[in-house]
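The structure appears below as structure tokens.
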Amino acid sequence: MINRSWTLLLLLAAFQASALKTDREQEMSVKSDRSTGNTERTELLGSVEIDQGSLKIRADTGIVEQANGEVSRVVFSGAPATLQQEVEDQGLMRAQAANIEYLLSQDIVVLTGGVVIERPRGNMRSERIVYHVDSGLLDAGSEGGRVQMTIKPKSAKN
């Protein structure tokens, strides 16, 4: 089930664009300095590296929580935690935040702490961005915080 959580996380990270379908068919490599846990909670400690196709996640720590044999929550933390992936027909998407949390039961990804999302057509910055998986809705900002977006012009066709 851990493989399912990573695959879902990579799909979410593309934010309304589809990740490379071939990534989900690739073997996943998980590396860290240490790992500890049980069937309910596994911690990845130190230099966490997740690779699956074009997906690359780097973090200081990772936590995978399970309930009733299913992954329920995945959290990556770092200074910052980073995620990058090729997005179908759109190029490379990069995201970074102090924390990247995926709550499977609620179908949301919450990025907090210096969030930066960069895509070929623009970027978004905020202290908090929530992505609702089922609807594709992005909810950015927090009380007292601001959202900054840059949208690049569409390239002229030659």
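Tabulated data for the structure shown
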{"read-out": "Backbone N within the stretch 86-129 under 14 Å of label point (7 Å from GLN148 Cα along the Cβ vector)", "value": "114-118, 123-128"}
{"read-out": "Cut-off under 5 Å, modelled amide H: who pairs with ILE108 long-range", "value": "LEU103, VAL133"}
{"read-out": "Relative packing of peptides 56-63, 137-144 - highest average C-beta neighbours within 10 Å first", "value": "56-63, 137-144"}
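Just so you know, all these numbers are worked out from the coordinates, no wet-lab data involved. The structure presented is a predicted model; accordingly, all values stated were derived computationally and were not measured. Methodologically, a virtual Cβ is constructed for each residue, glycine included, from the backbone with ideal geometry; neighbour enumeration extends over all protein chains shown.
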